[in-house]
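Please read the structure below before turning to the comments.
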Amino acid sequence: MPENHARTPEPRHEGASDVPADAVPGTSAQGPDAPASGAAGSRAAAKSAAKPAGSPVFAWLKEVATVVVIAVVLSFLIKTFLFRAFFIPSESMVNTLEVDDRIFVNLLVPEPFALNRGDVVVFRDTKGWLQAAPEQPQGPFTWVQDGLTFVGLLPDNSEQHLVKRVIGLPGDHVVCCDAGGRLTINGTAINESYINPAEIPQIRNFDVTVPEGKVWVMGDNRNHSADSRAHMDSDGGFIDIADLEGKAAVIAWPLSRFTTLGNYPDVFRNVPAAP
């Protein structure tokens, strides 16, 4: 018969209980918080599964609205601080600018960047050179056009701006004409390669010295431009620099005429500074 050996008890860790954990009421091997955590996770999963997915149409409209708002804000900032679009209604600058051209004007000229002879500039008509624009009939969508013009998405076609080329800066002595029919600036004759070659400019004599804070402007289509020469009875024909919107930089429309606009530095290279 086998002997009955007494069972040697296994060593017990300090603080351990002789009673198995699963034998103690209200406890389990996973700890007291396990049932609550499991239930919470189940409820969250059920709620997530029950939540309907967002409408793809709504998401698309939200993206489109965001893009439109960003585009409008950027356009307004660009129009306010960098560039502005204008519409050319007359033939006074042919063939540099054609009727119905759309141009972008650099608003950083004359400040902070300097104005130069030969720059094509857009300026407000504060001297009464233009006839008052007729009252435009208000259509159902006029406010849309006005709003798009205000933020810079449409060119300004109010017809209360003019575009000409700067010939004389403050202090310049401008005379027409020498024996060869050329303008002289500070005693130096210039060969104006930007003038419309389709017609020989008619001689209209003048002799002016440009006052401080003003410029003398002329159109490239000399025989069809009511410029400084035609308004000498109004402030001497000079334009206030403060009235300049900026320098015309680009022909943006039509696309077939897309180009940058230069100021012909070679024409004025030998002109000395104003005395």
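The values are calculated or read from the model by the stated rules, or taken from the named source; none is laboratory data. Computed from a predicted model, the values in this text were never measured in an experiment. Counting neighbours? That spans all protein chains shown, and the Cβs are built from the backbone with ideal geometry, glycine included. SASA here: full protein model, heavy atoms, side chains in, ligands and nucleic acids out. Shrake-Rupley method; radii C 1.70, N 1.55, O 1.52, S 1.80 Å.
What the table below lists for this structure:
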| read-out | value |
| --- | --- |
| Within the stretch 210-251, tally of residues that are among the small types (Gly, Ala, Ser), open to solvent by less than 20 Å² (accessible area, probe 1.4 Å) and either part of a strand (DSSP E or B) or free of Cβ contacts under 8 Å to residues at least 12 places away in the same chain (or both) | 2 |
| Qualifying strands (runs of 3 or more DSSP E) (wholly inside the stretch 83-134; at least 2 residues being within 28 Å of Ile200 (Cα to Cα)) | 102-106, 120-124 |
| Sole exception among (1) buried (at least 16 other Cβ atoms within 10 Å of the Cβ); (2) farther than 23 Å from Lys127 by Cα for Ser193, by number | (1) |
| Criterion (at pLDDT 95 or above, of a type in the set (S, T, N, Q) and within 34 Å of the chain's Cα centre (by Cα)) met by exactly one of Asn191, Asn196 | Asn196 |
| Residues that are open to solvent by less than 30 Å² (accessible area, probe 1.4 Å) and outside any loop (DSSP other than H, G, I, E, B), drawn from the stretch 252-266 | Ala252 |
| Residues of the stretch 199-214 satisfying the condition of being in contact with a helix residue (DSSP H, G or I) (Cβ under 8 Å, 6 or more places away or on another chain) and either closer than 14 Å to Pro275 by Cα or basic (Lys, Arg) (or both) | Arg204, Val208, Pro211, Lys214 |
| Cross-chain or 6+ apart pairs with Cβ under 6 Å, the stretch 175-196 first and over 15 Å from Trp216 (Cα atoms), then part of a strand (DSSP E or B) | Asp178/Thr184; Asp178/Ala189; Arg182/Ala189 |
| Checklist (1) touching a helix residue (DSSP H, G or I) at 6+ places or on another chain (Cβ under 8 Å); (2) buried (at least 19 other Cβ atoms within 10 Å of the Cβ) applied to Gly168, failing item | (1) |
| Among residues of the stretch 188-225, those that are out of contact with any strand residue (DSSP E or B) (no Cβ under 6 Å at 6 or more places or on another chain), under 21 Å from Pro170 (Cα atoms) and aromatic (Phe, Trp, Tyr), counted | 0 |
